Each structure stands twice: as structure tokens, then as C-alpha cells.
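To keep things clear, I will list the structure first and then write my remarks on it.
Read-outs: derived from the displayed coordinates by stated rules, not from any lab. Just so it is clear, the structure is predicted and the values come from calculations on it, not from any experiment. Every residue, glycine as well, gets a Cβ built from its backbone with ideal geometry; the counts of neighbours run over all protein chains shown.
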Amino acid sequence: MRGKCSCNCSGAARSREDDRCGVSACRGGEAAACRCVISQSAASLCQSQSTNLGEVVGFVEKIKRGRCKSWFCENGQCLKASGRTLKRRLMPVLETFKGLLMLTLTVDPKLFPTPLEAFQFLRKRRCVAKALAELHHKGLLHSRRYFYVVEWQMGKGNEAGTEMPHFHVLVDADFIPFEALKEAWNKYRPKWAPPVFGNAPAFGHVRISKRSFAGGAAHAAHYACKYLMKHPEKGYPEYVRFAKLQIKRFSTSRGLLASGKPATPRDRRDKHADDCSCGECEARRERRTTIAERTARCGQTTILTRVPLHATADGELKEGRPRFIARAKVPFAEVLWLMGVEDEPATSYEVTPAQWEDILRLDESQRGLSDAVSLSSDHPLIKGHRRKSA
């Protein structure tokens, strides 16, 4: 963990003065280097700033939970933050669609021995992408662009679910005949499957779950992302949580959510088969982590931020955009417990400069980068720290 200068400029080295901002260097290790002084005047910290929110007149320090940023996370705040970001990216793209339809595509569980084999079959054959490509070839879609979310049928209440994957797909279309949609999806029935019996679907049930969106692109983006922003009541199947596979909660047509960054050249090495047993592939599988392992890391760090205070024309103070300062490798729940906070805040929690410094010192102490933390008897963290040490 490397600290920044107290004026939040980059590249400020410890134990020396930074001539660019005129702020004296902090002494006493990384904790002191990350210390910020709350002031009512921006001139005492850095040059006066003026934005559309008003002049910067001070700063406050806040801590927040370090997120895992996984779409499989059980923490609702983690999912909501990721969902809001995705909606902001998705809405302007959906506004360029000439039409908006929501399709639901399912798979018959009787066709596969296990749900995992069904999922691997769908992914390897690219069934969703190819079915939509066929609809576009028939002139039923305005473009090839699409966005879909994957869900697993876990059942409701006491009902046992099949754990089979199904898809909610947003497409650029005004109308798709049901028979055409069913025909395009049923083409992917496995060759080893027995003949279709009675009125059973050949590959799975299909339906047009949403024919119009009254709120336009914003409504469609919210409708699609709601499947991502809520953790299922029964969680996810074991084969999803513990499989060392790349499993995505959503996917798009190529380039739909382009980041604007220049594309990096791909490695042109020969692609190995999924079941390849060479030393390179075995080592790569060994390095992979499961979804359960990644989500377990959520909240195991505490992020320290600095929030500017803007003075508006009517004399009110408004908080600006928080700036990242440092990351302490101390669980967020533990920090709150040490500070005597019973309920976890929805977003962030304001701390004093002394508390901020001691959180970083505690991080250094636990990682063996500095001596054990020594706090005064009247410090807000001392009671909990002694209890923990005992």
C-alpha cells in the first residue's frame, strides 16, 4: 500500500517535501503519508478549486467496504453498485435500437444428464448467439446487437429447482413471430436426444416476455439489470459456485459495450481443447479460483477515500466525488466493530484523521510492516483492539 500526498496529488514521495503542491511531507510511515487534514479553507491544502458544485472549502475522510465486484456476490450493496454502472453504460446503447423486445429462452432438463453438461453445451455451441443470428438473417431483427442475462432455475419456496440455465435476451426488434423464434431455438436439440414426444419442446420453451417498454431505453436497461442486481433466494448451483470455469452472468453481441480503449492484440497461440491435459493447461487450471473463493474476499479490505466539500451559492455544503487514497487490508466489518459501529452503513462511514491513521497503522502491524500498534487509553479504537488482542 502506498500513500499519496495530503493534497491528493500523484507521485508525492514520503519523507520529503513536494514542491509541486507546497504541502510538507508526512512523517512516520505509510499511515502518516496517507493522513489528510480537514480544513475549512481549500487554500490551506491546495490551490482553490471551483467546479459546477461551487468552491471547494474543505474535505472529509470516509471509509467504505472493499468490493469483490463479482456478479455472484451475496452483498446487496456490491451488486447495486455494479448494476448502476452497467445501466449507465447500457442505456445510451439501447437508445440507438430501432425496437426493443425481451425474449426468454429455456432448456429442457431431460435432454442432458446434468445441468453442468447443459451449460457447457450451450456455451460451446454458442446457441443464443447463433439463434439470434438466424433471426437476423430472416430479416426479423433490425441489427445483430443483443444483451442477455443468465439465470438458473433454483425453484421457489419448497419447490426443488432443476438448476438449468435460461436466458433473458434484449434484442433490436419490433416483432418476432413465435413460430420463427421456436424454430430458431429448437435447431440446437442434441443429435443423441430421442425423438420429440407429443407437444414437448424440441430444445426448450421460448416466449416473448416483454413486447414493449413504456420508458424506452431506460426502462429496458433497468428491466434487464434487475436480474443481476438481486441475489437469488436460494443462491446459485454448486456446479456454478465451485467450478473452475469462466461463467458470466451476462453477455452481449460483439462491441455492444465498447469501453473506448484501444483493443489489445490477442495471443495467436494455438488454442488447446477444453479437456487438454498438457502441463500448461493443468497449471492454468490449478491457478484458477472458483466463484465461491472470489466472493469470499468481498469486504476483506477497507477503502479510504477523501471527499471534497463544495460551497453552493446559497451557502450550503455539498459533497463532491470521493477520491481514492489508500486500501487497508483489514476487513471492513472488523474496522466498524473496533469503532463501535453496530450496523454496516449503506455506502460509506465518516472517520476522523486520527481514526484513519490508526486503521492504516493496524494494517501495517497485521502485515508485519511495522511494530505493533500502540494506542492511547482514550482512543476510540483501543477498547476493541485490546479485546481482540486478548
Environment charge at residue 202 (Cβ cut-off 14 Å; Lys +1, Arg +1, Asp -1, Glu -1): +2
Given pairs 80/182; 64/248; 138/271; 98/244; 124/230; 130/226 and cut-off 29 Å on Cα-Cα distance, the over-length ones are 80/182; 138/271; 98/244
May I ask you to list the chymotrypsin sites (Phe, Trp or Tyr not before Pro) in the range 169-198 that are in a DSSP loop and have at most 16 other Cβ atoms within 10 Å of their Cβ? 175, 192, 197
Measure of compaction for the range 188-234 (Cα Rg per 2.2 N^0.38 Å): 1.78
Charge sum, other residues only, whose C-beta stays under 14 Å from residue 232's C-beta, Lys/Arg counted +1 and Asp/Glu -1: 0
Looking at the range 148-195, which GluC sites (Glu not before Pro) are in a loop (DSSP not H, G, I, E or B) and have at most 11 other Cβ atoms within 10 Å? 159
Just how many % of Cα pairs in the range 133-206 lie over 14 Å apart, if you round to the nearest whole percent? 71
Total charge of the residues flanking residue 104 in space, meaning their Cβ is under 11 Å from its Cβ, with Lys and Arg +1 and Asp and Glu -1, is +1
Global geometry of the range 133-278, whether rounded, prolate or oblate, following the gyration tensor of its Cα atoms and the 1.5 cut on a/c: rounded
What are the trypsin sites (Lys or Arg not before Pro) within the range 90-140 that DSSP puts in a loop, where the Cβ has at most 14 other Cβ atoms within 10 Å? 98, 126, 138
